[in-house]
Amino acid sequence: MTTHVLILCTHNSARSVLSEGMLNHLAAKLGKDVRAHSAGSAPSGRLNPFALEALTAAGVDVSGYRSKSWDEFTTPEAPPLSIVITVCDSAAAEQCPVFFGGNGQPVKVHWGYPDPSNALGGDEGKRQAFELTRQAIAYRMLQLLQLPLAEMDKPSLQQALTDIYKS
């Protein structure tokens, strides 16, 4: 059974998109039955071009990616979520809607990253910040993919995901 992971950031234009892209890319390369989705509480309606550039340079297919509202994941037709990860502090502080999990509410965890959109140094500084953020995200996503997700109960999964953030 596919493990569905929703990654949230306020605008769903940079960090959540980097996370969705890296998790899907790495899961496919490793043959893991994991599917990432991303959304925002106040989606900007556009994807940050530096995020798309960093993903494309890493070999990630970004066709079909779009900025979307977390409301798309609150309906019974939405994929059954196992994990919800917030990647920006403002989204983590917001009251999340009720998401439908495959077995009750999904496990929620915060893995914060600084906003690479605020990097100094013009376009080159932003490119570097986005690439470093993509690498940091990839490292955590690889750790997530090493977990025996299908065999873990919710408290064990919660602890493992919290430990990944602390490492």
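The values are calculated or read from the model by the stated rules, or taken from the named source; none is laboratory data. All values derive from a computational prediction rather than experimental measurement. Only protein heavy atoms, including side chains, enter the accessible area calculation; ligands, DNA and RNA are left aside. Shrake-Rupley method; radii C 1.70, N 1.55, O 1.52, S 1.80 Å.
What is the distance in Å between the Cα centres of the range 135-166 and the range 28-80? Measuring centre to centre over Cα atoms gives 19 Å.
Of all the options Gly112, Gly64, Gly122, the one that moves most in a Gaussian network model of the chain with Cα springs shorter than 10 angstrom is Gly64.
Computed with a 1.4 Å probe over protein heavy atoms only, the accessible surface of the range 1-160 comes to 47 Å² per residue. Taking only the C-alpha atoms of the chain, Rg followed by Dmax gives 14.9, 46 Å. In the chain, the longest principal axis of the Cα atoms and the axis of helix 15-30 are about 60 degrees apart.
Highest mobility in the GNM of the chain, judged by mean-square fluctuation with C-alpha springs under 10 Å and restricted to Pro114, Pro43, Pro106, is found for Pro114. Helix 154-166 and the long axis of the chain differ in direction by around 20°, with both axes built from C-alpha atoms. Comparing Leu55, Leu30, Leu142, which has the greatest mean-square fluctuation in the GNM of the chain with Cα pairs linked when under 10 Å apart? It is Leu30.
Its Kirkwood hydrodynamic radius, worked out from the mean inverse distance over all distinct Cα pairs, puts the range 1-45 at 10.6 Å.
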